[in-house]
Amino acid sequence: MLTARIGNTPLVRLRRVTEGLAPRVQVWAKLESFNPGGSVKDRAAFAIIRDAETSGRLRPGMRLLDSSSGNTGIAYGMIAAARGLHLTLCLPANANVERKKILRAYGVEIVETDPLEGSDGAIRQARAMAAATPERYLYLDQYSNPCNWMAHLHSTAPEIWRDTQGAVTHWVAGLGTTGTFVGTTRGLKGYNPDIHCVAVQPDAPFHGLEGLKFLETSIIPPIWDPSVADAHMAAPTEASITMMRRLAREEGLLAGVSSGAAVWAALKLAAGLEQGVVVTLLPDSGERYLSESHLWP
Ligand code: PMP
């Protein structure tokens with residue numbers, strides 16, 4: 001079954017962008033583009049849809065509804081298609097052409113929202129539609145739904161623990177809905193509370209890091225728990241784009257711009273260590289951004 005292929009993504013060691021680090025420092029990247037829907041969001045979307053079905057909240061004739069900047073919508077769209085379900089997605093109108101075309105290919109109904117309001121505008125639209133016609137829509141609400149972070153507690157964290165044979169010392173990940181960071185951190189701390197967990201945000205409210213949120217000026221996701229982070233790092237857009245390009249040319253990893261931010265932060269952290277096993281996560285593939293000429297001239 002398609003959904004059985006979600007998770008168990010490869011963890012690979014970065015060997016060239018790591019030049020100059022202390023000899024006993026390793027940096028590893030978890031490649032989430034290997035999920036069938038092409039991103040980390042398959043994990044949360046599958047857990048959320050399965051819960052909607054088994055809890056009985058999804059009654060016949062209802063449509064699934066959520067907001068997304070793209071990847072969650074694509075993951076829902078893939079899973080919904082395979083299960084004969086229907087999805088309406090609120091999406092900022094400036095989402096790139098790859099995202100819109102993939103969503104349409106899966107048969108997703110798209111409601112475009114004000115690009116200036118970003119992902120918060122899409123959240124407000126989904127909330128309004130769910131409130132106006134609750135009998136028509138099951139609002140999945142990835143920002144509040146505990147299945148989001150629990151998917152990472154039950155899959156991402158055990159995979160990292162297994163694939164590093166318990167040697168992981170540092171975990172670095174970006175914050176969008178915060179599900180990846182919150183769930184994986186809770187899972188890793190359960191294995192070893194000394195693992196140092198670093199949350200990465202953009203360094204400014206208007207940024208180019210698709211998928212990540214500048215929490216200070218955004219709607220705070222109810223699943224966010226600031227107490228789980230040992231430290232925070234602020235990734236600049238330009239440095240993240242540069243790192244994204246280096247990943248392609250120096251590591252053979254064609255990844256998205258939030259992956260560039262995650263690796264930028266992981267390497268900055270690693271540069272201050274004498275020894276350690278730093279693990280980060282590459283949320284999606286660079287193929288999902290090829291039309292954006294400022295990223296790939
Ligand atoms: N990067 C990309 C490209 C994403 O689509 C997302 C999801 N919004 C994230 C990072 C952040 O993941 P999460 O929602 O689990 O915090």
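The values are calculated or read from the model by the stated rules, or taken from the named source; none is laboratory data. Here the structure is a predicted model, which means the values were calculated and not measured. Neighbour counts run over all protein chains shown; Cβ positions are idealised from the backbone, glycine included. Each accessible area value is taken on the protein alone, full model and side chains, heavy atoms only, with ligands, DNA and RNA left out. Shrake-Rupley method; radii C 1.70, N 1.55, O 1.52, S 1.80 Å.
Overview of results
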item	result
Test: Arg57 is open to solvent by 10 Å² or more (accessible area, probe 1.4 Å), more than 16 Å from the ligand (Cβ to nearest atom) and either assigned to a loop (DSSP other than H, G, I, E, B) or not basic (Lys, Arg) (or both)	yes
Selection from region 144-183 of residues that are near the ligand (Cβ under 8 Å from one of its atoms), in contact with a Gly (Cβ under 9 Å, 6 or more places away or on another chain) and within 16 Å of Thr280 (Cα to Cα)	His152, Gly174, Gly176, Thr180, Phe181
Region 270-287: number of residues that are open to solvent by less than 30 Å² (accessible area, probe 1.4 Å) and either at pLDDT below 95 or not in a loop (DSSP other than H, G, I, E, B) (or both)	11
Enumeration of residues in region 81-130 that are touching a residue at least 40 places away in the same chain (Cβ under 8 Å) and part of a strand (DSSP E or B)	Thr88, Glu109, Thr113
Of all residues in region 247-262 being open to solvent by 40 Å² or more (accessible area, probe 1.4 Å) and not in a helix (DSSP H, G or I), the one that is farthest from the ligand (Cβ to nearest atom)	Gly252
Residue list for region 89-122, restricted to those being more than 24 Å from Thr217 (Cβ to Cβ) and surrounded by fewer than 21 Cβ atoms within 10 Å (Cβ to Cβ)	Val97, Glu98, Lys100, Lys101, Ile102, Arg104, Ala105, Tyr106, Gly107, Glu109, Ile110
Search result, residues across region 69-88 that are modelled with pLDDT of 95 or more, among the small types (Gly, Ala, Ser) and either within 12 Å of Ile48 (Cα to Cα) or within 16 Å of the ligand (Cβ to nearest atom) (or both)	Gly73, Ala75, Gly77, Ala80
Condition check for Ser55: at pLDDT below 95 and not acidic (Asp, Glu)	no
Of all residues making up region 160-176, the number that are of a type in the set (A, V, I, L, M) and either farther than 15 Å from Val278 by Cβ or at pLDDT below 95 (or both)	1
Condition met for Gly166 (surrounded by fewer than 22 Cβ atoms within 10 Å (Cβ to Cβ), in a loop (DSSP other than H, G, I, E, B), small (Gly, Ala, Ser) and on the phi > 0 side of the Ramachandran plot)	yes
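Here's the yes/no breakdown for (1) among the small types (Gly, Ala, Ser); (2) under 22 Å from Ser144 (Cα atoms):
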| site | (1), (2) |
| --- | --- |
| Val17 | no, no |
| Val25 | no, no |
| Lys30 | no, no |
| Asn35 | no, no |
| Gly38 | yes, no |
| Asp42 | no, yes |
| Phe46 | no, yes |
